[in-house]
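The values are calculated or read from the model by the stated rules, or taken from the named source; none is laboratory data. Given the structure is predicted, the values throughout are model-derived calculations rather than measurements. Heads up, the Cβs are rebuilt from the backbone with ideal geometry, glycines too, and the neighbour counts pull from every protein chain shown.
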Amino acid sequence: MGWREANARRLARQHLRTPAPDVSPADVVGTVLGAHAQVLSAAELSVGLRGKGLTRTDVRTALWAEDPARRTLVKTFGPRGTVHLLPAAELPLWTGALSAVPTGPNPFATGARMTPEQVEEVVAAIGEALTGAELTVDELSDEVVARTGPWAGDLVVPGFQQMWPRWRQVLHLAGHRGALAYAPNRGRRATYTNPGCTPLPGPEAQAALAERYLYAYGPATPAHFARWLAAPRQWAAGLFASLAGSGAIEEVAFEGVGPAWVVAGDTDFPAEPVRGVRLLPYFDAFTIASYPRERLFPGRASERALSPTGQAGNHPVLLVGGEVAGVWHQRRSGRRIAVTVEPLEGRGALPGARLRELEKEVERVGAVMEGRAELTVGVVRVGPHA
């Protein structure tokens, strides 16, 4: 399998070659395997750009509809323990898979750690406190401490320029167990609730998630899958071996990688080259989950658009012909959205035809974000997102 053919198929399946008609925000989020929502406006743009006519209001309605029964998206802790939008209907699969992923070494200082028994006690307390309630983190903290003991409230976890109570170190785990998800903000403060989710059995859910990852981002290796999940490589290798043994996936030769895997029988790739330009926001699923990185971020793109450790997503990127060829930034003031695009030398030169394509793409950004976008081609001076 060649790199360009594999990349073209990924782009098509991500609705990035052509925005999909008649899709809902939940359809899009399911296709890309979660929309990273550390920056919620970026998640709205990621989803909106993939569906014809979708806007940020559509995403917000799917997430925060006044009638909970109409909420088809959930904001919770997803892959890598980071905040994602996930389809509400798929929450049992995600929680079943993520809650069963082996954890690595405990990153907290010895005096800050919790025993396995304390972890279970806190997760149960979180689920109980949030059942039928929407609580801020401070309100939830009071409830957890009241249900467990003063030890859970010890300020021993490093936070943003402050120390957080001990129980906060398992907040993401409660999300992975299906005991916690975000609720609508109360003013400017985030709130949490219990989504009432029963996770699927771990082996079943993990097998399904691995197959869906390979459908969306294959060919891929166990190491790619492990990095996407922030999971141990040895565990991922064992999962792939089990799937191969059952005939669910098959091995292929992938250019620049070597042996890799696809869903069994899923070996058709488009012959047409990728053309045109696309703008992808912070932490877009395509840039984070696609490997090998050195092919998606060729030349100067690896220096300009990746972190020193090779992490993707910290910069919004310009795709030209399906590969990263620049970075960009947007600044909003009322309805006006000032978009600055910085093409990278050699890869991102913008002749007249390509500039017109970029202008249309900027118009799409404005439409999704319900504003009036204006393009400037120049140097992006904003640093990477943390």
Among the residues that make up the stretch 1-11, is at least one of them without any contact (Cβ under 8 Å) to a residue 40 or more places away in the chain, part of a loop (DSSP other than H, G, I, E, B), of a type in the set (Gly, Ala, Ser) and not assigned by TED's automatic domain parsing to the domain that holds Arg188? no
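Table: residues versus (1) in contact with a helix residue (DSSP H, G or I) (Cβ under 7 Å, 6 or more places away or on another chain); (2) within 15 Å of Ile288 (Cβ to Cβ); (3) buried (at least 20 other Cβ atoms within 10 Å of the Cβ); (4) of a type in the set (Lys, Arg).
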| position | (1), (2), (3), (4) |
| --- | --- |
| Val39 | no, yes, no, no |
| Ser46 | yes, yes, yes, no |
| Leu54 | yes, no, yes, no |
| Thr61 | no, no, no, no |
| Asp67 | no, no, no, no |
| Thr72 | yes, no, no, no |
| Phe77 | yes, no, yes, no |
| Trp94 | no, no, yes, no |
| Pro102 | yes, no, no, no |
Looking at the stretch 91-114, can you tell me whether even one residue there is over 20 Å from Pro201 (Cα atoms), at pLDDT 95 or above and among the polar types (S, T, N, Q)? no
Ala146 is checked against (1) over 21 Å from Gly81 (Cβ atoms); (2) touching a helix residue (DSSP H, G or I) at 6+ places or on another chain (Cβ under 7 Å) and fails just one. What number does that condition carry? (2)
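Considering the stretch 341-354 alone, what residues qualify as being of a type in the set (A, V, I, L, M, F, W, C) and surrounded by fewer than 17 Cβ atoms within 10 Å (Cβ to Cβ)? If you could, list the steps in order and put the result at the bottom.
Step one: of the stretch 341-354, the residues of a type in the set (A, V, I, L, M, F, W, C) are 341, 344, 349-350, 353.
Of everything in the stretch 341-354, those that are of a type in the set (A, V, I, L, M, F, W, C) and surrounded by fewer than 17 Cβ atoms within 10 Å (Cβ to Cβ) turn out to be Ala349, Ala353.
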Within the stretch 165-205, how many residues are in a loop (DSSP other than H, G, I, E, B), surrounded by fewer than 19 Cβ atoms within 10 Å (Cβ to Cβ) and in contact (Cβ under 8 Å) with a residue 40 or more places away in the chain? 3
List, please: which pairs have Cβ atoms under 7 Å, are six or more places apart or on different chains, and start with a residue in the stretch 343-364 that is of a type in the set (Gly, Ala, Ser) and end with one that is at pLDDT 80 or above? Gly346/Gly299; Gly348/Leu318; Gly348/Val320; Gly348/Ala325; Gly348/Gly326; Ala349/Pro343
Here, helices (runs of 4 or more DSSP H) confined to the stretch 285-384 with at least 1 residues that are over 20 Å from His15 (Cα atoms) are 293-296, 300-304, 352-368
Hits in the stretch 321-340 (condition: touching a Gly at 6+ places or on another chain (Cβ under 6 Å) and surrounded by 13 or more Cβ atoms within 10 Å (Cβ to Cβ)): Ala325, Gly326, Ile337, Thr340
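May I ask you to verify whether Val83 is under 23 Å from the mean Cα position of the chain (by Cα) and not assigned by TED's automatic domain parsing to the domain that holds Val368?
Judged against the criteria, Val83 is a match.
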Taking interchain pairs and intrachain pairs at least six residues apart, which have beta carbon atoms under 8 angstrom, with the first residue in the stretch 214-243 and in the same structural domain as Ser290 (by TED's automatic domain parsing) and the second buried (at least 20 other Cβ atoms within 10 Å of the Cβ) and among the basic types (Lys, Arg)? none
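Quick check, is Glu357 farther than 24 Å from Ala43 by Cα, among the charged types (D, E, K, R) and surrounded by fewer than 19 Cβ atoms within 10 Å (Cβ to Cβ)? Steps first, answer last, please.
Details: farther than 24 Å from Ala43 by Cα: no; among the charged types (D, E, K, R): yes; surrounded by fewer than 19 Cβ atoms within 10 Å (Cβ to Cβ): yes.
Against the criterion (farther than 24 Å from Ala43 by Cα, among the charged types (D, E, K, R) and surrounded by fewer than 19 Cβ atoms within 10 Å (Cβ to Cβ)), Glu357 does not qualify.
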Can you tell me how many residues in the stretch 90-129 are among the polar types (S, T, N, Q) and assigned to a loop (DSSP other than H, G, I, E, B)? 4
If we scan the stretch 288-311, do we find a residue that is under 21 Å from the mean Cα position of the chain (by Cα), acidic (Asp, Glu) and under 28 Å from Arg56 (Cβ atoms)? no
On the basis of being in a strand (DSSP E or B) and surrounded by 16 or more Cβ atoms within 10 Å (Cβ to Cβ), does His15 make the cut? no
